[in-house]
Amino acid sequence: MKKALLGAALGALALGMTAAPNAAKADEIGACLITKTDINPFFVKMKEGASAKAEELGINLSTYAGKIDGDHETQVQAIESCIASGAKGILLTASDTKAIVPVVKKARDAGLIVIALDTPLEPIDAADATFATDNFKAGELIGQWAAAKLGDKAADAKIALLDLTPSAPSVDVLRDQGFLKGFGIDIKDPNKIGDEDDDRIVGHDVTNGNEEGGRTAMENLMQRDSDINVVYTINEPAAAGAYEALKSFGMEDGVLIVSVDGGCPGVANVKDGVIGATSQQYPLLMASKGIEAIKAWADSGEKPQNSQGLNFYNTGVNLVTDQPVDGVPSIDVAEGMDRCWG
Amino acid sequence: MSETPKSSRQKQEFEHALESSDRNVAQFEHKHRSFFGNVQHFLHGNPTMVPVIVLIFSIIIFGFVAGSKFFSPFNLSLIMQQVSIIGILAAAQSLVILTAGIDLSVGAIMVLMSVIMGQLAVTIGIPAPIAIIIGCIGGICAGGLNGFLVTRIKLPPFIVTLGTWNIFFALNLWLSGAQSIRSQTLDEIAPLLKFFGESIALGGARITYGSILMLVIFAVLWYILNHTSWGRHVYAIGDDKEAAELSGIRTNRTLITVYCLAGLVCAIGAWASIGRVGSVSPQSFQEANLQSITAVVIGGISLFGGRGSIIGPLIGALIVGVFNSGLRLAGVDVLWQVFAIGWLTIIAVAIDQWIRKVSS
């Protein structure tokens, strides 16, 4: 009896397995979403956005993710499996924006459309299109806000910059340099973190984009100069960590923390005064636009257009703060909460 | 072992014959040892001395390089704070490594338990003390699973903990939804979870309860390992499992308790990590398992088991902290800090190998 059941089950499984690819080939468009990790709520949200849109359009979506940020190898394998599966397009947030280029080319040569989400490849035209936050603009907004908030005191500010990782991927560079430019500092080479010689910069440290890293990095920079009064952070978890460090120094009130992301806990931290202002981005929109683009490519072979004056499609960024300043457009926390992700 | 027989011991019949015979023909040869030979012997007897010497030298050197800021009581207490979590994990790791095993899952157990404590207390609303106790029991169970697979299914510890590392990591993501629980929420609902983040000011220094907890854990483990039969069994198993078994130690049972205790220490570390980070962060401490192994190895515990003092990893963690702090204050780029720690690890193992080659 047991054996018969098992046999039937195996038979059904075998039938199912042979049947599925045929069905997919017949009428379904395949697409792949490859994110840096499954951990970051940003990518979790991206996946949700992509899945919802794919279901709506009847696209068969497979998702892949690296184990940790910087896991390049897994992403390469994911692209290879995607090509093999006969998918029409790939949405990719690359961990290693340069090293991924050859395998991306392989996918494009095989007739897939490759769209970089959130993180542009290097060079940016290695992908068919890029749907991203204008990260430089995101940095610039918080830089301008911090400078306007300080007013005359901006001239002798003491700035700490909490970046992402030692390898400094493009998003890291763009936000960091955008912030400094917005603050009114000569950034010299905009492709390089740390080549500035302005005395107002106390230093850069890396956080891995999490609370623990943010706290340790803040502590280290405070050891270098305890007069820090402006803190730029790569994302909101790092900002939360930096705030904890400042609190342990008893200095949480005199220091402006600015950040980028616009996740729900981050916006809540803006509301509670932990973060002064944050630039909100919209991962859900990137992913759903990306799925639409793959559908268009499969149907008519049409590629998406870039935003005017940019070499990518800008999915938008808004400054979220309850302390608006003149000359820097912003939305309030209530609206930020409405549109937050995670 | 002892070269001079104790006078209290009664000589047996047949030994009397030796009295009148020439004993020089059957004597241990006393070789003249070189300076290095002496050093090697000394270190073989006192394996913790290497890290202690390295720690003292690195403090002196960074004192010169990084200037007075490095030596401030505040900075020294900050180093303690920064290494406290890795230190606690290194304590758990040492227990396993002393049995000639390795535990790649310590960091994952810790993060998972911190998420469990946080979710129970904040999302479900269970009183914080109970959430912490459940987390600790979870830690014991997680360690117990490792121990069970190692002893009963007889899989190598490396493979078992490589597997459970991934399993615990996935559970962590599932339970937390990859979202941090904010510091402000913890303050509101379960401030007890942040207990180990509190600190006492001592002169210029600021010593967190977490730093003190780390020292207490090492002190307790030192006592257990050196002054209980269980502790001596752990060393015996690490030195030679078969011999330990033949001499009547129930090795499998002891091994399981080792993994359980390691899991418990990780869970206590989870509580401390919430205080250190300020929030329950499923994304923090991704590399903690490897950092804990680094601290253990630099601390002079042999990866081949059975040798080394539990105090070593404490020193090892402090050495890593001193290097990071000193290099940062000296304005050295992060990647060179990683570089330095890498070399430190290799040199530590090389020294361990050299000491192991000690000849009589």
*In degrees from 0 to 90, rounded to the nearest 10, what is the angle of the helix B:128-151 Cα long axis to the longest principal axis of chain B?*
40 degrees
*When you take every Cα atom in segment A:276-342, what is the radius of gyration, and what is Dmax, the widest Cα pair distance, in Å?*
15.5, 47
_Positive end of the dipole of chain A, charges at C-beta (+1 Lys, Arg; -1 Asp, Glu), about the Cα centre: which of A:294, A:184, A:279 has its Cα farthest in that direction?_
A:294
*With Cα atoms, 0 to 90° folded angle of helix B:49-66 axis to chain B main axis*: 50 degrees
*Quote the relative contact order of segment B:273-314 in percent (integer), defining contacts as alpha-carbon pairs under 8 Å separated by 6+ residues.*
28 percent
*asked:* If you restrict to DSSP beta bridges whose two residues both lie in the protein assembly as shown, what percentage is antiparallel, to the nearest 5?
replied: 15 percent
_Pairs of alpha-carbon atoms within less than 8 angstrom and 6+ residues apart define the contacts here; what relative contact order does segment B:77-182 have, in percent?_
34 percent
*Only Lys, Arg, Asp and Glu count, each charged at its Cβ (+1, +1, -1, -1), so figure out the dipole size of segment A:173-261 about its Cα centre, rounded to 20 debye.*
120 debye
_Loop only by DSSP, 14 or fewer other Cβ within 10 Å of the Cβ. Give me the trypsin sites (Lys or Arg not before Pro) in segment B:27-103 that pass, ordered by residue number._
B:31, B:33
*Could you work out the per residue convex hull volume over the alpha carbons of segment B:97-203, in cubic angstrom?*
130 Å³
*Distance check, please: which entries in A:53/A:149; A:67/A:289; A:45/A:137 exceed 30 angstrom between their Cα atoms?*
A:53/A:149
*asked:* Please report the spacing between the Cα centers of segment B:111-170 and segment A:227-299 in Å, no decimals.
replied: 31 Å
*If a/c stays under 1.5 just call it rounded; otherwise compare a/b with b/c (prolate if a/b is bigger, oblate if not). Do that for segment A:190-313, with a ≥ b ≥ c from the square roots of the Cα gyration tensor eigenvalues.*
prolate
*Take the alpha-carbon centre of segment A:54-87, take the same for segment B:261-331, and report the distance between them in whole Å.*
35 Å
_So if the hydrodynamic radius of chain A is defined as the Kirkwood radius over C-alpha pairs, what does Stokes-Einstein give as its diffusion coefficient at 4 °C and 1.567 mPa s, in µm² per second?_
61 µm²/s
_Principal-axis tilt of helix A:283-300 within chain A, Cα atoms, nearest 10 degrees_ = 40 degrees
*Where does each of B:260, B:266, B:141, A:82 land when they are ranked from fewest to most other beta-carbon atoms within 10 angstrom?*
B:141, B:260, A:82, B:266
*Answer with one residue from A:31, B:205, B:288: the one whose Cα lies farthest towards the positive end of the charge dipole of the protein assembly as shown, charges on Cβ with Lys, Arg +1 and Asp, Glu -1.*
B:288
*Which value at 222 nm does chain A reach when only helices count, each DSSP H run of 4 or more adding -39,500 (n - 2.57), with the total divided by all residues and rounded to the nearest 500 deg cm²/dmol?*
-14500 deg cm²/dmol
*Dipole of chain A, Cα-centred, from +1 at each Lys and Arg C-beta and -1 at each Asp and Glu C-beta, to the nearest 20 debye?*
1460 debye
*Would you mind working out the magnitude of the charge dipole of segment B:82-235 relative to its Cα centre, with +1 at each Lys and Arg C-beta and -1 at each Asp and Glu C-beta, to the nearest 20 Debye?*
320 debye
*Could you tell me what % of all Cα pairs in chain B have separations over 30 Å?*
44 percent
*For a paramagnetic label modelled at 7 Å from the Cα of residue B:215 toward its Cβ, which residues of segment B:286-325 fall within the zone defined by backbone nitrogen distances under 19 Å?*
B:310-322
*asked:* From Cα pairs below 8 angstrom and at least 6 apart in sequence, can you work out the relative contact order of segment A:112-159, rounded to a whole percent?
replied: 26 percent
*Select from A:126, A:150, A:110 the residue farthest towards the positive end of the dipole of segment A:109-229; place +1 on Cβ of Lys and Arg, -1 on Cβ of Asp and Glu, and compute about the Cα centre.*
A:150
_q = 0.11 Å⁻¹: log10 I(q)/I(0) that the Debye formula gives for the protein assembly as shown, counting C-alpha atoms only_ = -1.19
*Would you list, by chain and number, the aspartates and glutamates whose Cα falls below 15 Å from the Cα of residue B:69, excluding same-chain residues fewer than 8 positions away?*
A:219, A:225, A:227
_Unsatisfied cross-links (Cα-Cα over 28 Å) in the set A:47/A:105; A:188/A:303; A:158/B:194; A:47/A:158_ = A:188/A:303; A:158/B:194; A:47/A:158
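Read-outs throughout are calculated quantities, based only on the coordinates presented, and are distinct from any laboratory measurement. Predicted, not measured: the structure shown is a model, and the values here were computed from it. Here Cβ is always computed from backbone atoms with ideal geometry, including for glycine, and neighbour counts include all displayed protein chains.
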